[in-house]
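S.K.: Let me begin by handing over the structure; questions about it come next.
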Amino acid sequence: MPKSADNPALIKDDTPAPHYTGHRDRLRERFLRGGVDALADYEILELILFMAIPRKDVKPLAKALLSQFGSFNAVFHASDADLSRMGLTDTSITALRAIKAAAFHFMKHEVLNQPILNSWSRLMDYVQATMGFEKKEHFRLLFLNKKNELIADETQQSGTVDHTPAYPREIVKRALELSATAIILVHNHPSGDPTPSKADIDMTAQIIAAAGPLGIVIHDHIVVSKSGTTSMRNKGLLPS
């Protein structure tokens, strides 16, 4: 068969192109025309993987990852060791990590220096995306200025699968260093249930008691899990 620029099934040495070449081209075209909404979850993973693995059909791998970890988000939160056991190379794992970091970076800047009340839903999306799939508890502090704009987002402590220590004096000290006038407390429940525990409620009361005399308001305490978020203020669980 003669060589032809119009024949995508041939490469320069007349060797037939791999069967997945046309599939990749069609997938790219669908993505460019319709964005991620035009693709299934495994196809989005394919797009990412075939940039990292250029000479292999990655559709089976993308489907296997979703089957193993249960959801698109869970794939990106899987450990390096678990991803490696699924056959991903260091290059592929780095590609997933880079896209995850870029997404979180974008989401953070969507809420940073913005009035919290005007971007509350985006803030909830951000904390759930960044904390909901964590396997250990993390205690996080969102510091606000007088305009209720988010000026800093910091993790104060990391703990075990069901406990994270919180230190009221350290929290207040850091707020004063940042000239923050309000704080939103955030921590995650790896169990998947975002219901605040009695220990969560008691800890919040201690932090409010330490912050109040210095004019620092605790706006809310958000409990995060992979199944959703719970506002302790909305539940009436903050001391009045």
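S.K.: Let me spell it out: the conditions are (1) assigned to a helix (DSSP H, G or I); (2) modelled with pLDDT under 95, and GLY87 meets all of them except one. Which number is the exception?
M.R.: GLY87 satisfies all of (1) assigned to a helix (DSSP H, G or I); (2) modelled with pLDDT under 95 except (1).
S.K.: Count, please, the residues in region 101-115 that happen to be touching a residue at least 40 places away in the same chain (Cβ under 8 Å) and either of a type in the set (A, V, I, L, M, F, W, C) or exposed (fewer than 13 other Cβ atoms within 10 Å of the Cβ) (or both).
M.R.: Adding up the residues that qualify gives 1.
S.K.: Anything in region 116-141 that is charged (D, E, K, R) and surrounded by fewer than 17 Cβ atoms within 10 Å (Cβ to Cβ)? List them, or say none.
M.R.: Across region 116-141, the qualifying residues are ARG122, ASP125, LYS135, LYS136.
S.K.: A further question on this structure: Could you list all residues from region 39-80 that are in a loop (DSSP other than H, G, I, E, B), touching a helix residue (DSSP H, G or I) at 6+ places or on another chain (Cβ under 7 Å) and under 14 Å from LYS100 (Cβ atoms)?
M.R.: ALA78
S.K.: Continuing with this model, one more query. Within region 118-140, count every residue that is part of a helix (DSSP H, G or I) and more than 15 Å from LEU185 (Cα to Cα).
M.R.: The number of residues fulfilling the criteria is 5.
S.K.: Here is a list: ALA81, ALA64. Which entry is over 20 Å from LEU39 (Cα atoms), of a type in the set (A, V, I, L, M) and surrounded by fewer than 16 Cβ atoms within 10 Å (Cβ to Cβ)?
M.R.: ALA81
S.K.: When you scan region 143-151, do you find a residue that is assigned to a loop (DSSP other than H, G, I, E, B) and polar (S, T, N, Q), even just one?
M.R.: Yes, the conditions are met somewhere in region 143-151.
S.K.: Counting only residues that are touching a Lys or Arg at 6+ places or on another chain (Cβ under 7 Å) and surrounded by 16 or more Cβ atoms within 10 Å (Cβ to Cβ), give me the strands (runs of 3 or more DSSP E) lying completely in region 163-240 with at least 1 of them.
M.R.: 182-188, 217-225
S.K.: Among ALA166, ALA98, ALA175, which is the only one that is over 24 Å from GLY228 (Cβ atoms) and touching a residue at least 24 places away in the same chain (Cβ under 8 Å)?
M.R.: ALA175
S.K.: Further question on the same structure: Determine which member of the set GLY212, GLY159 is of a type outside the set (D, E, K, R) and touching a residue at least 12 places away in the same chain (Cβ under 8 Å).
M.R.: GLY159 is the lone residue from the list that is of a type outside the set (D, E, K, R) and touching a residue at least 12 places away in the same chain (Cβ under 8 Å).
The values are calculated or read from the model by the stated rules, or taken from the named source; none is laboratory data. Computed from a prediction, not measured in an experiment: that's the story for all the values here. Quick reminder, even Gly has a Cβ in these numbers, built from the backbone with ideal geometry, and neighbours come from all protein chains shown.
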